[in-house]
Amino acid sequence: MFVCLFAGSANAAEIIVNGGFETGDFSGWTATNNAISELTPHTVSGAGGGWFGNTSPLSGSFDAYNGFDGDAGLTYDLFQDVTIASGVNAILTTNHRIQYDGFGITSTLDRIFEISILDLGGLLLANLYSESITLNGAGFTDLGWNNQTFDLSSFAGNTVRINFHEFISEDFTGPTNIEFDNISLQTSPSAVPEPATFALLGLGLAGIGYSRKKKKT
């Protein structure tokens, strides 16, 4: 007798709201800075925006961007709070694009971009990704779209904050744009047999035992 073990539906569910910014605004997101002088504020628009005038959504009609430049100590945060159900696998996909021009300006401190998981009070739970941007007079550079994938299954059963953070370390040492698009958090059931499946397995094993016993008599 053959008993098939399988979990429930493996269909993935998207739990990020407005991950492609196709509403044309920050619906579902919170976009903040610490009110220090900046180059370009948090913005959602179509292609052709930003300081360089050449933003280009990875897909769809819109993406989000900001200047990633300003006075020393300026910070930007873009985040969304999500609840990850218990007993699921959770995969986060992010896409960002950084462009800069050092304009021949000497600088010694990098700008920092980080992707992290926080609790709802802002406490760091996990640093997923960190990137240092070195300008120091460099010419125009487009780093292109950077795709990252992270397994957040360990946070199943919790509400957490997905946070994109930027820190500017020196005063206006060259214009920089950062874009965001196609941010996704998909969950799917873990591959664990459901209770009904265990019951079927028990009946199957019992049937096998009975069949063997009957053959011996």
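The values are calculated or read from the model by the stated rules, or taken from the named source; none is laboratory data. Just so you know, these numbers come straight off a predicted model, no measurement behind them. Positions of Cβ are generated from backbone atoms using ideal geometry, with glycine treated the same way; all protein chains shown enter the neighbour counts.
Cβ-Cβ contacts under 7 Å between residues 6 or more apart (or on different chains), taken from a first residue in the stretch 177-188 that is farther than 26 Å from Arg111 by Cβ and touching a residue at least 60 places away in the same chain (Cβ under 8 Å) to a second residue that is surrounded by fewer than 19 Cβ atoms within 10 Å (Cβ to Cβ) and of a type in the set (Gly, Ala, Ser), are listed as Gln186/Ala12; Gln186/Ala13; Thr187/Ala12; Thr187/Ala13; Thr187/Ala85; Ser188/Ala10; Ser188/Ala12.
Within the stretch 31-48, the residues that satisfy the criterion of being among the aliphatic types (A, V, I, L, M), on the phi < 0 side of the Ramachandran plot and part of a loop (DSSP other than H, G, I, E, B) are Ile36, Leu39, Ala47. Within the stretch 145-183, being among the hydroxyl-bearing types (Ser, Thr, Tyr), touching an Asp or Glu at 6+ places or on another chain (Cβ under 8 Å) and assigned to a strand (DSSP E or B) holds for Thr159, Thr176.
Residue check: Thr106 meets all listed conditions (1) loosely packed, with under 15 Cβ neighbours inside 10 Å; (2) within 30 Å of Ile15 (Cβ to Cβ); (3) not aromatic (Phe, Trp, Tyr) but one, namely (2). Looking at Glu170, Glu179, just one residue is at pLDDT 95 or above, within 21 Å of Asn147 (Cα to Cα), acidic (Asp, Glu) and crowded, with 16+ Cβ neighbours inside 10 Å, and that residue is Glu179. Restricting Phe150, Phe172 to those that are touching a residue at least 60 places away in the same chain (Cβ under 8 Å), under 29 Å from Phe62 (Cβ atoms) and in contact with a Ser or Thr (Cβ under 9 Å, 6 or more places away or on another chain) reduces the list to Phe172.
Is it true that some residue in the stretch 79-88 is modelled with pLDDT of 95 or more and farther than 25 Å from Ala12 by Cα? Please lay out each step first, then the result.
We begin by selecting, within the stretch 79-88, every residue modelled with pLDDT of 95 or more; these are 79-88.
Keeping just the survivors that are farther than 25 Å from Ala12 by Cα gives none.
The answer is no, given that none of the residues of the stretch 79-88 is modelled with pLDDT of 95 or more and farther than 25 Å from Ala12 by Cα.
Of all residues in the stretch 126-140, those being surrounded by 15 or more Cβ atoms within 10 Å (Cβ to Cβ) and either touching a residue at least 40 places away in the same chain (Cβ under 8 Å) or not in a loop (DSSP other than H, G, I, E, B) (or both) number 4.
The number of residues in the stretch 43-59 being surrounded by 15 or more Cβ atoms within 10 Å (Cβ to Cβ) and either among the hydrophobic types (A, V, I, L, M, F, W, C) or modelled with pLDDT under 95 (or both) comes to 4. With respect to (1) without any contact (Cβ under 8 Å) to a residue 60 or more places away in the chain; (2) touching a strand residue (DSSP E or B) at 6+ places or on another chain (Cβ under 8 Å); (3) surrounded by 14 or more Cβ atoms within 10 Å (Cβ to Cβ); (4) under 23 Å from Leu39 (Cβ atoms), the lone exception for Phe113 is condition (1).
Taking the stretch 146-167 as the range and being of a type outside the set (Gly, Ala, Ser) and surrounded by fewer than 16 Cβ atoms within 10 Å (Cβ to Cβ) as the test, the residues that pass are Asn146, Asn147, Gln148, Thr149, Asp151, Thr159.
Within the stretch 94-108, can you find the residues that are over 19 Å from Ile178 (Cα atoms) and either part of a strand (DSSP E or B) or in contact with a Cys (Cβ under 7 Å, 6 or more places away or on another chain) (or both)? Correct list: empty.
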